[in-house]
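This report refers to the structure that appears directly beneath it.
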Amino acid sequence: MKLIQFSRPALRALIFGAAALVVTSTAFAHAHLASSEPAANAEVAAPAAVTIHFTEPLEPAFSRIALADASGKAAAPAAAEVDQQDPKVMRLALPQLSAGRYAVHWIAVASDGHRTQGDFAFDVK
Ligand SMILES: [Cu+2]
């Protein structure tokens, strides 16, 4: 069986085209925060968890959520978990939080290996 022959410029165009496709599709695969509970800057009764919904499925091994109190001290001893049913959701179980402002720092690694991160805060009444 004879292989299809490509001219050199055609082959080059094909390779660049494929590379561009890969770059484009991975650029869209970054996991960004879609919504959270508590929402950013919300004032809430002590929540049982911080739940963040992302735009892409997460890689559980490298994704995490950290919570700090107003003095910057870690306020949640548990590790965040990615939902097994919906890998776009990551949750951090919380101990009973006292009133005050809390800072959330999240790191999300999408299934394509790309890492995004962000911060928001909420107030406990
Ligand atoms: Cu990506």
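Considering only residues in segment 15-39 that are at pLDDT 65 or above and open to solvent by 60 Å² or more (accessible area, probe 1.4 Å), the one that is nearest to the ligand (Cβ to nearest atom) turns out to be His32. Taking the criterion of being open to solvent by 50 Å² or more (accessible area, probe 1.4 Å) and under 15 Å from Pro38 (Cβ atoms), the residues of segment 107-125 that qualify are Asp119, Lys125. The condition of being within 14 Å of Ser36 (Cβ to Cβ), buried (at least 18 other Cβ atoms within 10 Å of the Cβ) and β-branched (Val, Ile, Thr) holds for Val104.
Do you know which of the residues in segment 88-112 that are assigned to a loop (DSSP other than H, G, I, E, B) and under 11 Å from the mean Cα position of the chain (by Cα) is modelled with the highest pLDDT?
Lys88
Residue count for segment 59-85, restricted to those that are buried (at least 16 other Cβ atoms within 10 Å of the Cβ), assigned to a loop (DSSP other than H, G, I, E, B) and of a type in the set (Asp, Glu): 2. Ala42 falls short of the stated requirement of being within 13 Å of the chain's Cα centre (by Cα), surrounded by fewer than 16 Cβ atoms within 10 Å (Cβ to Cβ) and among the small types (Gly, Ala, Ser). Among the residues of segment 26-60, those identified as touching a strand residue (DSSP E or B) at 6+ places or on another chain (Cβ under 9 Å) and free of Cβ contacts under 8 Å to residues at least 40 places away in the same chain are Ser35, Glu37, His53, Thr55, Pro60. State which residue is farthest from the ligand (Cβ to nearest atom) when the search covers only segment 96-125 and only residues that are among the aliphatic types (A, V, I, L, M) and within 14 Å of Ala80 (Cβ to Cβ). The extreme case among them is Val104. The single condition among (1) under 12 Å from Pro47 (Cα atoms); (2) under 13 Å from the mean Cα position of the chain (by Cα); (3) not basic (Lys, Arg) that Glu81 does not meet is (1).
The values are calculated or read from the model by the stated rules, or taken from the named source; none is laboratory data. Computed from a predicted structure; not experimentally measured. When we count neighbours, we look across all protein chains shown, and the Cβ atoms used for this are built from the backbone with ideal geometry, even at glycine. Side chains included, ligands, DNA and RNA excluded: accessible areas come from the protein's heavy atoms. Shrake-Rupley method; radii C 1.70, N 1.55, O 1.52, S 1.80 Å.
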